[in-house]
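The values are calculated or read from the model by the stated rules, or taken from the named source; none is laboratory data. Remember, it's a predicted structure, so these values are computed and weren't measured experimentally. In this analysis, Cβ positions are derived from the backbone assuming ideal geometry, glycine residues included, and neighbour counts consider all displayed protein chains. Each accessible area value is taken on the protein alone, full model and side chains, heavy atoms only, with ligands, DNA and RNA left out. Shrake-Rupley method; radii C 1.70, N 1.55, O 1.52, S 1.80 Å.
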Amino acid sequence: MTGHPIFDIDGKIAVVTGSSRGIGLALATGLAEAGAVVVLNGRDGDALERSRTRIAEQTGARVHAYAFDVTDSAAVADAARSIEAEVGPIDIVVNNTGVQHRAPLLEFADDDFRRVIDTNLTSAFYVGREFARAMVVRGRGKIVNICSVQSELGRAGIAPYAASKGGLKMLTRGMCADLGPHGLQINALAPGYFDTELTSALVDDVEFTAWLAARTPAGRWGRTEELVGALLFLVSPGSDFVNGQILYVDGGMTAVV
């Protein structure tokens, strides 16, 4: 029994930013398992190579690793040109790079605010813009921005993070307006609370985990592999008439009060 061809991405070339660990690594692995050629990105070359080897050995897919800073406009432009020339025409871009910083609003330092905004929002603008240049010429391409339940919901101590993810939601819709007429689909995947390295302190917090279980209809933390199915839909031909949408994978959190 085979899958429906409308979800086939075999041979497509996908760039996933922030993919040496956590959600990015899970998404990159899922794309490779589905037959895509995957380009990993991060700033730590050694970590990227370990992840590249792991995915390649696990899936048998072609996997490449490019270390560059997605918050550096010139570096992103150079990388986009190099990847297109060395790997091939990019079909899929997943803007996953993100950072969290928790502090009360009145104690939030300027530098930390700028770091959160630049990492979570500005980077998606740079990466999306540069890879879209060639996609527009070809008249096709899929860009998926990784948003969050904080694109909709605020919580104490993470106001800049919520601002960055709310901005990313609207950047997704703005990119749809600009790039949709050229044959591109730009959508967002918005995870709820997932068990990753970045959330380990919260996972270990018994009180917080109890609150999360009570707040979420699914009653638990998400597992990173549970994001893969939604991503495969958004990057496949099955979503060719889906544009500017935010798909929440959150165990029902944003559906209830």
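Okay, here's what the table says:
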| item | result |
| --- | --- |
| Value of relative contact order over the stretch 187-228, rounded to a whole percent, pairs C-alpha under 8 Å and six or more apart | 45 percent |
| Length-normalised contact order for the stretch 98-257 - Cα pairs under 8 Å, 6+ apart - percent | 26 percent |
| Residue 58 paired with residue 241, simple spin-label distance in nm, labels 7 Å along Cα-to-beta-carbon | 3.5 nm |
| Accessible surface ranking that places the most exposed of 226, 57 first, with a 1.4 angstrom probe | 57, 226 |
| Kyte-Doolittle at least 0.0, axis length at least 30 Å by Cα - qualifying DSSP helices, the chain | none |
| The chain, accessible area per residue, ligands and nucleic acids excluded (1.4 Å, Å²) | 46 Å² |
| Net charge of neighbours whose Cβ lies under 9 Å from the Cβ of residue 92, counting Lys and Arg as +1 and Asp and Glu as -1 | +1 |
| Within the stretch 143-213, trypsin sites (Lys or Arg not before Pro) in DSSP loop having at most 12 other beta-carbon neighbours inside 10 Å | 155 |
| Extension gain (nm, one decimal) between residue 257 and residue 201, 0.36 nm per residue minus Cα-Cα | 17.7 nm |
| Leading residue at positive end of dipole, the chain (Cβ point charges), from 227, 24, 4 | 4 |
| Loop-located trypsin sites (Lys or Arg not before Pro) in the stretch 206-257 whose Cβ has at most 13 other Cβ within 10 Å (DSSP) | 220, 223 |
| Computed label-point distance, nm, for sites residue 210 and residue 4 using a 7 Å Cα→Cβ extension | 4.4 nm |
| Apportionment of accessible area to carbon and sulfur, the chain, percent (1.4 Å) | 54 percent |
